[in-house]
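As structure tokens, the structure follows; a few thoughts come after it.
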Amino acid sequence: MKTNIMLEKIKMPLVGGFTAIVSIILVLCGNPANMGFCIACFLRDTAGALGLHRAAAVQYVRPETIGVILGAFIVSIVKKEFSPQGGSAPVTRFILGFAMMIGALIFLGCPFRMALRIAGGDLNAIVGLFGLAGGILGGMFFLNKGYSLKRTYTVSRTDSIVLPVLVIVALGMLVIFPSILMLSTEGPGSMHAPIWVSLVAGLLMGGVGFISKLCFVAGIRDSIFFKSFTMISALIALIVVGIVGNLVFDSFSLGFENQPVAHTDGLWNFLGMAMVGICSILLGGCPFKQLILAGSGNSDSVVTVFGMMAGAAFAHNFTMASSPAGVTENGKIGFIVLSVIVIAIAICNTFYGKKKVGAIENE
């Protein structure tokens, strides 16, 4: 009994430390600095490789993303926990996934990369951490008032394996027919670990993510609202192990300026991650958690992932994504418009959704 309690206490710190080690290995093998593992960046690059946007510097089918989905799929099948379900406000989830990606690309990273940037000494990411917490607080306000996207339903097993099949096809294209893809020759998209290293890293993270239910947004939420620090211990461990690793390999640089693929606009670093935070709460999980759910049978999360890829394509086609030079005017305008939409979604599904559903049921 004592052994089980001890293992439960150290499980999440081990997961966080493992994530840091995987990220460091990926950077050493070729991934961009402070971008060993970033779901937003990986989906953006993959969208570019498939021709959904024309930003030549960020186009590559990232095997890590493929591995996460397949890792969750395989482990859920082995553990007999593969759960085909969906039908919970798919259009709304697509829009929230879209908005979440725009916020991530304004900040330049998902919660995973935020933690890795902090571990690399990037103080801009600490501003982003406060923004993420602020967005989580906003999302929890609506959740505590009754926000819901309604129940899910059992769907066909065929419907739930579409995404795993699609990512296998994408992997086949990268390995066998790379010439039909749009692949970067310079910039972050051209910097990547060998395919097999990236794929194995993704598979491991997908399996570990499914078993541990890892979600940094949930960790911050639990620590604030429920005084539970189990999940957030993974975030802390990732940062600590990441700092040690960066110091060992002489890649730690403390400061705001001259950080890899980052800008110094504090307001928009805060707001970008605030958007990620509130959308993650409204969706029930961060970008990484959405990939895990999508791989393990949740077609609603598949729709969310498609929304994120559409957001990445839109951001680069209409110059809304940030760069080390800063946030674009289109990015600021797009963020304001999407903020109004996200808040409207939250209000409608908190204060009006139940009445409408009840009216329909009564008819």
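One table, with the values for the structure above:
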item	result
At R0 = 51 Å, FRET efficiency that the Cβ-Cβ distance of Ala325 and Lys80 yields, to 0.05	0.55
Segment 9-354, relative contact order [Cα under 8 Å, separation at least 6], %	37 percent
Mean Cβ count within 10 Å, highest first, over the residues of peptides 70-81, 125-136, 106-117	106-117, 125-136, 70-81
Within segment 208-222, backbone nitrogen closer than 20 Å to the virtual label 7 Å beyond the Cα of Ile126 toward Cβ	220
Ranked by how many other beta carbons lie within 10 Å on average, peptides 295-307, 157-169 from highest	295-307, 157-169
Across Lys150/Lys213; Lys150/Lys227; Lys227/Lys332; Lys79/Lys289; Lys9/Lys79; Lys79/Lys213, pairs whose alpha-carbon gap is larger than 25 Å	Lys150/Lys227; Lys227/Lys332
Helix-only mean residue ellipticity at 222 nm for the chain, each DSSP H run of n ≥ 4 adding -39500 (n - 2.57), per residue, nearest 500	-22000 deg cm²/dmol
Zone of Ala344's modelled label, taken as backbone nitrogen in segment 91-121 under 19 Å from a point 7 Å along Cα→Cβ	91-103
Calculated from backbone phi, Karplus (6.51, -1.76, 1.60) coupling profile of segment 283-293 in Hz, x at Gly/Pro	8, x, x, 6, x, 4, 4, 5, 5, 4, 5
Label point at Asn258 placed 7 Å out along Cα→Cβ; residues across segment 115-137 whose backbone nitrogen lies under 11 Å	none
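Here, each number is a calculation from the coordinates, and none is a lab measurement. Because the structure is predicted, anything quoted here is derived from the model rather than measured. Note: ideal-geometry Cβ built from the backbone for every residue, glycine included; neighbour counts use all protein chains shown.
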